[in-house]
Amino acid sequence: MSEETTTTSVSTRTQIRGDGGGNPLRTITVQELQDLWRRGRGFALLVIFSLLLSGLTYLLATGKELSLLAQKDMLNMTVQMTVLVVSLGALILAADGFSGERERSTLEGLLLAPVPRWNFAVGKLVSALSIWVGAYLVSLPYLLTLSNGTHMFWTAIELELIAGTVLSIFFASFGLAVSAVASSNRTSLASCILVLLALVAPTQLAGSVYTGLIGGLFERANPVTAMVHFVDKILVSNHTWGEMVSWLASPVFFAVLAFIALVLVSKRLNYQGGLRA
């Protein structure tokens, strides 16, 4: 290990341990949030996201075909794009969480700190989820504009809050779990994006694909298609929350499962990758 890396490791351990014996989980979480936002990565992602929303809003307002859509369809499209784009952002940040630390030779300093290793997983998870909080706030003016003259604004932001929170927890937890065991950052990112594409691609299939028993079960089992169906039926088809609440079962189940897997995997976190103790 180089002298620079050794110094960084000692500094990291000292900061996490804290001079006053503070809560290490809180210290780690604050450090992860500072690393994301003070270095500008979080703000850069929000700028990109706001540009995407601005482009979509412009197309909805001026495009010949898109401008003919009902307001509820415009809101539905905006909510779904917000949730999926931010899920991608949270997944990419999470996929870099531990494997990126390995390649930057900073993970060893974390592992030598006298705190439970799951603390690092939770701290990095909160940091990745903070992107969703920022994106949610950025999206509110766009939803307010698109819902002008209707009473659908509150329904739209409630649906977006539920869908975005659940899917962001799922993808961020999954990405961190993969990053914890991946031997390289490239492997972690490639694996996570492949899973994301596999889950998101079915949302582009025609609705007739899901009319049969097998198709319906597949739509419910996939957390992304289930959440898209949940949002669409309430926002566009005017179904009640009570009628559609069962569609949240799959997304919530996978979010909880991914979080549990992350905590378990993080307890075996090591410098080389894999599940060695």
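A search for C-beta distances below 6 Å between a residue of region 126-147 that is touching a residue at least 24 places away in the same chain (Cβ under 8 Å) and any residue that is assigned to a helix (DSSP H, G or I) and loosely packed, with under 15 Cβ neighbours inside 10 Å, counting only pairs 6+ apart in sequence or on different chains, returns nothing. The requirement of being at pLDDT 90 or above, in contact with a Phe, Trp or Tyr (Cβ under 7 Å, 6 or more places away or on another chain) and either in a helix (DSSP H, G or I) or farther than 19 Å from Val166 by Cβ (or both) is satisfied by Leu143.
Can you tell me which residue is surrounded by the most Cβ atoms within 10 Å (Cβ to Cβ) among those in region 30-83 that are of a type in the set (Val, Ile, Thr) and modelled with pLDDT under 90? My answer is Thr57. Flag not set for Val181, criterion: touching a Pro at 6+ places or on another chain (Cβ under 6 Å) and surrounded by 19 or more Cβ atoms within 10 Å (Cβ to Cβ). Ile162 satisfies every condition listed in (1) loosely packed, with under 14 Cβ neighbours inside 10 Å; (2) of a type in the set (A, V, I, L, M); (3) modelled with pLDDT of 95 or more except (1). Comparison of Val79, Val115 shows that the only residue that is part of a loop (DSSP other than H, G, I, E, B), of a type in the set (A, V, I, L, M) and touching a helix residue (DSSP H, G or I) at 6+ places or on another chain (Cβ under 7 Å) is Val115. Output yes when any residue across region 179-191 is within 24 Å of Val245 (Cα to Cα), at pLDDT below 95 and in a helix (DSSP H, G or I), and no when none is. No - not one qualifying residue is present in region 179-191.
Restricting Leu167, Leu257, Leu217, Leu213 to residues that are touching a helix residue (DSSP H, G or I) at 6+ places or on another chain (Cβ under 8 Å) and either surrounded by 21 or more Cβ atoms within 10 Å (Cβ to Cβ) or aliphatic (A, V, I, L, M) (or both) narrows the list to Leu167. Any residue at all in region 114-126 that is at pLDDT 85 or above, more than 18 Å from Ile28 (Cβ to Cβ) and crowded, with 22+ Cβ neighbours inside 10 Å? No: zero hits. List, please: which pairs have Cβ atoms under 7 Å, are six or more places apart or on different chains, and start with a residue in region 82-107 that is touching a residue at least 40 places away in the same chain (Cβ under 8 Å) and end with one that is among the β-branched types (Val, Ile, Thr) and crowded, with 21+ Cβ neighbours inside 10 Å? Filtered contacts from region 82-107: Val86/Ile131; Gly89/Ile131; Ala90/Ile131; Leu93/Ile131; Ala95/Val178.
Residue-level analysis places Thr155 outside the set of residues that are at pLDDT below 90, part of a helix (DSSP H, G or I) and within 22 Å of Leu75 (Cβ to Cβ).
The number of residues in region 84-97 being in a helix (DSSP H, G or I), crowded, with 22+ Cβ neighbours inside 10 Å and not β-branched (Val, Ile, Thr) comes to 7.
Condition check: within 13 Å of the chain's Cα centre (by Cα), under 27 Å from Trp241 (Cβ atoms), surrounded by fewer than 24 Cβ atoms within 10 Å (Cβ to Cβ) and not charged (D, E, K, R). Does Val133 satisfy that? In short, yes.
Would a scan of region 195-207 turn up a residue that is of a type outside the set (A, V, I, L, M) and surrounded by 19 or more Cβ atoms within 10 Å (Cβ to Cβ)? So that I can check it myself, show each step before the final result.
Applying the first criterion (of a type outside the set (A, V, I, L, M)) to region 195-207 yields 202-204, 207.
Subset that is surrounded by 19 or more Cβ atoms within 10 Å (Cβ to Cβ): none.
No, every residue in region 195-207 fails to be of a type outside the set (A, V, I, L, M) and surrounded by 19 or more Cβ atoms within 10 Å (Cβ to Cβ).
The values are calculated or read from the model by the stated rules, or taken from the named source; none is laboratory data. The structure presented is a predicted model; accordingly, all values stated were derived computationally and were not measured. Note: ideal-geometry Cβ built from the backbone for every residue, glycine included; neighbour counts use all protein chains shown.
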